[in-house]
Amino acid sequence: MAARGRHRRYQPNRINRASLTVTAGGAGMALPLIGTGVAQAADLDTWNKVAACESTSRWHVNTGNGYYGGLQFAQSTWEAYGGTRYAARADLATKDQQIAVAEKVLDGQGPGAWPVCSVRAGLAQGGDTPDIQPAGAAKKTSVQDVQPQTTPQSRAGTAEMYTVVHGDTLSGIAESQKVRGGWQGLYAANRKAVGADPDLILPGQRLALRGKAPTTGTGTTSAPKTATKTPPKSAPKSAPKSAPKSAPKSAPEKTSSEREEQVTTTTRSLVAPVSSATGTPYRKAGSSWSKGYHTGVDFPVPTGTSVKSVGAGQVVSAGWEGSFGYQVLIRHTDGRYSQYAHLSAISVKAGQSVGAGQRIGRSGSTGNSTGPHLHFEVRTGPGFGADIDPVAYLRAGGVRI
């Protein structure tokens, strides 16, 4: 049975608040970590054993699970400890560079940063300094100096390109550049360049904004230009050359993405924030909560589970919020507010528009939490204490829960 985490209001604990990837290049909340104040180190042989345990000594591995390189760095940890001076991600850095960053993590967090493999490898405090040469870091271009641009390119004569800059997100680019199909269309057209995670785009990447759209399923993204110009060969010769002016024009066939969007909006207005049964229910009484009861509902899910916006709206805030840890607050079109707390990663920023089902972050156990879970609230206003029954709200929007 999954753990049912909970939080206590107004009693912040001293947890490790590592930086989160919220925008292009992991920009945003690079928060200091709580160090032990004791210098720590490990010799090269010990780090080789840790890598053998973590990744079977594959120093350049990227399996798409959110951890990179031989020592399996989370992207936020790699950035928080200066790894980007060597490479954008750990798997793109050399073995010596990864170990150099790992030494800083060991000094800041201790062996517990690798809870299982540190024990197996004998990683402990006060070891010998490894014999490594991380020098030779690639020259780093300041991403703040890169300016967004849209340059005509020769892709079927119709494509336009956009250069990703510090602070960009796919949804933000799609909105500002008025990309057909929104961020989903932008991602579909650039999936090969972006990779498996649409939340991870890097400064300097070139994205196609327009052009020949990809084919999805059995439908096409756009009807052929000649579709209505040539009559069928089987048409009788006596047929009139032109239809009467009053005859209605046939509507163009909807694309597969448009059909899917129409089905979604007509059959339901809300979606579940995660695919999970509920844990601690709304209004459960107890001294663990400052109001005397649980102000939301918990979904016991593992850390890293994708968290979705339950409906269309605008992000009010995205960041650290005391005992709630990292959270996102969204104002929806019906005037209600939804809150997603204890996150391990945030994918949106304040002021951004989001759609129903769009990923806004990943679940975790930050803040005052007893285990990995998503704390979800629905409120009549943005502040704490304006809560209403979140399960009833979701059910009224068509969610089976």
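The values are calculated or read from the model by the stated rules, or taken from the named source; none is laboratory data. Being a predicted model, the structure only gives us computed values, none of them experimental. For neighbour counting, all protein chains shown are included, and Cβ atoms are generated from backbone atoms with ideal geometry for every residue, glycine included. Note: areas computed on protein heavy atoms with side chains; ligands, DNA, RNA excluded. Shrake-Rupley method; radii C 1.70, N 1.55, O 1.52, S 1.80 Å.
Against the definition (in contact with a helix residue (DSSP H, G or I) (Cβ under 9 Å, 6 or more places away or on another chain) and either farther than 20 Å from Ser171 by Cα or touching a residue at least 60 places away in the same chain (Cβ under 8 Å) (or both)), how does Ala396 come out, yes or no?
no
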Give all pairs with beta carbons closer than 7 Å in which a residue from segment 61-85 that is touching a residue at least 12 places away in the same chain (Cβ under 8 Å) and on the phi > 0 side of the Ramachandran plot meets a residue that is in a helix (DSSP H, G or I) and among the β-branched types (Val, Ile, Thr); count only pairs at least 6 apart in sequence or on separate chains. Gly82/Val101
Would you be able to say whether some residue in segment 306-326 is of a type in the set (Asp, Glu) and modelled with pLDDT of 95 or more? no
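Can you pull out the residues in segment 62-86 that are of a type in the set (A, V, I, L, M, F, W, C), farther than 17 Å from Arg362 by Cα and at pLDDT 90 or above? Lay out the reasoning, then the answer.
If we filter segment 62-86 for residues that are of a type in the set (A, V, I, L, M, F, W, C), which is where we start, we get 71, 73-74, 78, 80.
Those left that are additionally farther than 17 Å from Arg362 by Cα: 71, 78, 80.
Answer for segment 62-86, where residues must be of a type in the set (A, V, I, L, M, F, W, C), farther than 17 Å from Arg362 by Cα and at pLDDT 90 or above: Leu71, Trp78.
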Residues that are assigned to a helix (DSSP H, G or I), open to solvent by 10 Å² or more (accessible area, probe 1.4 Å) and small (Gly, Ala, Ser), drawn from segment 48-84: Ala52, Ser76, Ala80
Out of Lys308, Lys284, Lys291, which single residue is open to solvent by 40 Å² or more (accessible area, probe 1.4 Å) and either within 23 Å of Ser171 (Cβ to Cβ) or of a type outside the set (Lys, Arg) (or both)? Lys308
The residue from Gln339, Gln327, Gln314 that alone is outside any loop (DSSP other than H, G, I, E, B) and open to solvent by 30 Å² or more (accessible area, probe 1.4 Å) is Gln314
Taking the conditions exactly as written (assigned to a strand (DSSP E or B), hydroxyl-bearing (Ser, Thr, Tyr), over 21 Å from Gly182 (Cβ atoms) and touching a Phe, Trp or Tyr at 6+ places or on another chain (Cβ under 9 Å)), does Ser344 satisfy them or not? yes
Which ones in segment 257-281 are at pLDDT below 90, loosely packed, with under 15 Cβ neighbours inside 10 Å and polar (S, T, N, Q)? Gln262, Thr264, Thr265, Thr266, Thr267
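Considering Lys291, Lys308, which residue is out of contact with any helix residue (DSSP H, G or I) (no Cβ under 7 Å at 6 or more places or on another chain), more than 21 Å from Ser76 (Cβ to Cβ) and in contact (Cβ under 8 Å) with a residue 40 or more places away in the chain?
Values: Lys308 fails: more than 21 Å from Ser76 (Cβ to Cβ).
The conditions single out Lys291.
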Of the numbered conditions (1) in contact (Cβ under 8 Å) with a residue 40 or more places away in the chain; (2) open to solvent by less than 10 Å² (accessible area, probe 1.4 Å); (3) within 21 Å of Thr303 (Cα to Cα), Ile99 fails exactly one; give the number of that condition. (3)
State yes or no: is Ile173 closer than 24 Å to Ala356 by Cβ and in contact with an Asp or Glu (Cβ under 8 Å, 6 or more places away or on another chain)? no
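So that you can scan it fast, the table gives a plain yes or no per residue for (1) in contact with a Ser or Thr (Cβ under 6 Å, 6 or more places away or on another chain); (2) among the polar types (S, T, N, Q); (3) modelled with pLDDT of 90 or more; (4) more than 19 Å from Tyr326 (Cα to Cα):
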residue: Val354; (1), (2), (3), (4): yes, no, yes, no
residue: Arg359; (1), (2), (3), (4): yes, no, yes, no
residue: Arg362; (1), (2), (3), (4): yes, no, yes, no
residue: Thr370; (1), (2), (3), (4): no, yes, no, no
residue: Leu374; (1), (2), (3), (4): yes, no, yes, no
residue: Gly385; (1), (2), (3), (4): no, no, no, no
residue: Asp389; (1), (2), (3), (4): no, no, yes, yes
residue: Ala392; (1), (2), (3), (4): no, no, yes, yes
residue: Ile401; (1), (2), (3), (4): no, no, no, yes
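Given the residues Ser353, Ser347, Ser369, which is the only one that is surrounded by 23 or more Cβ atoms within 10 Å (Cβ to Cβ) and within 16 Å of the chain's Cα centre (by Cα)?
Working: Ser353 fails: surrounded by 23 or more Cβ atoms within 10 Å (Cβ to Cβ); Ser369 fails: within 16 Å of the chain's Cα centre (by Cα).
So the residue among Ser353, Ser347, Ser369 that is surrounded by 23 or more Cβ atoms within 10 Å (Cβ to Cβ) and within 16 Å of the chain's Cα centre (by Cα) is Ser347.
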Can you go through Leu106, Leu20, Leu92 and tell me which one is touching a helix residue (DSSP H, G or I) at 6+ places or on another chain (Cβ under 6 Å) and either buried (at least 19 other Cβ atoms within 10 Å of the Cβ) or modelled with pLDDT of 90 or more (or both)? Leu20
Only one of Ala100, Ala87 that is outside any helix (DSSP H, G or I) and either touching a Gly at 6+ places or on another chain (Cβ under 9 Å) or not acidic (Asp, Glu) (or both): Ala87
